[in-house]
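The structure under discussion appears below in the form of structure tokens.
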Amino acid sequence: MTALLEIEHLSLSYHEPGGETTALSDISFEVQKGEFISILGPSGCGKSTLLSAIAGLEKPSGGSITFHMPPGLVGYMFQHDLLLEWRSVFQNACLGLQVQGRLNEETSRYVKELLESYGLGGFLSHKPSQLSGGMRQRVALVRTLALKPELLLLDEPYSALDYQTRLTVSDEIWKILRSTGKTAILVTHDISEAISLGDRVIILSRRPGRILKDIPIDLGADRTPLGVRSNPDFQHYFKTIWEVMQHA
Ligand code: ADP
Ligand code: MG
């Protein structure tokens, strides 16, 4: 495998009139092409900060972030789907392309194909409020995939969904990303979600976030996020990670 991204000794502090907040301290890890990495840590430990630094939205105070791919190929998906109510599903899905000035006949055909393959073909002119939570999240995913990103940054993208929808949608989205060979970094504070989706779980400490442990997850090649939850090894990983987090 080839590393797509290398993070070395990354630290990041926010400077505000009231003082300085150190959000991340001495973070180092590599991301291989095609890997799905879960970053797990308590609320406020610096998970969103880490993704913002990778996306280039926040400047590191120390260390380095090196891409072995063109940096423009990074897609971002947030906790809230951020769909615009006054735009149709199709118009929402085209938003990223439009903002980048890349919306044309070919790219809009691609958006339609994506919407169709993810079960939204019959909803192109619907408004976001007419969709279920899971469908909305799929529109947000299409909006991101339309830009053909190589690396996806997922910031607790399912946490606004109810538990059942969340299991189904995260299973669906994981399968889509797997089948297209995308590399993804997901941040979450949910241990089960981190294990069921990740090829690796990187556990962060409380703020300032440091890496406590980097655990490879081996639950078989034919795993699916929903399926592995009943695998006996899943409980084993849960227990190990739970114990590490007790000392976060
Ligand atoms: P998480 O995503 O793990 O909940 P964040 O990365 O959002 O954590 O935040 C880490 C710490 O940095 C928190 O203490 C938060 O208050 C602080 N922080 C986040 N963003 C900013 C900002 N723009 N300015 C100042 N402090 C911030
Ligand atoms: Mg966050």
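Worth pointing out:
- Treating each Cα of segment 76-132 as one equal point scatterer and applying the Debye formula with no solvent, the log10 of I(q)/I(0) at q = 0.17, 0.23, 0.26, 0.29 Å⁻¹ comes out as -0.55, -1.00, -1.20, -1.32.
- Degrees, to the nearest 10: 232-246 long Cα axis against longest axis of the chain: 60
- Size descriptor, Kirkwood hydrodynamic radius, that averages inverse alpha-carbon separations across segment 34-122, Å: 16.0
- Normalising the average separation of contacting C-alpha pairs (under 8 angstrom, six or more residues apart) by the number of residues puts the relative contact order of segment 33-162 at 37 percent.
- Fewest-first ordering of 240, 49 by other beta carbons within 10 Å of each residue's beta carbon gives 240, 49.
- Once the gyration tensor of the Cα atoms in segment 126-248 is diagonalised, the equivalent ellipsoid follows with semi-axes of 26, 16, 15 Å, ordered largest first.
- Viscosity 0.692 mPa s, 37 °C: Kirkwood-radius Stokes-Einstein D of segment 1-156 over Cα pairs, µm²/s: 190
- Annotation: lysines with alpha-carbon distance below 25 angstrom to residue 148 (same-chain offsets under eight excluded): 33, 47, 59, 112, 127, 175, 182.
- Other-chain or far-sequence residues with amide H under 5 Å of residue 212's (modelled H): 203, 204, 205
- Helix-derived mean residue ellipticity, 222 nm - over the chain, DSSP H n ≥ 4, -39500 (n - 2.57), to 500: -10000 deg cm²/dmol
Any read-out appearing in this document is the output of simple, stated calculations on the displayed coordinates, not a laboratory observation. These figures come from a predicted structure and were not determined experimentally. Glycine also receives a Cβ, built like all others from the backbone with ideal geometry; neighbour counts cover every protein chain displayed.
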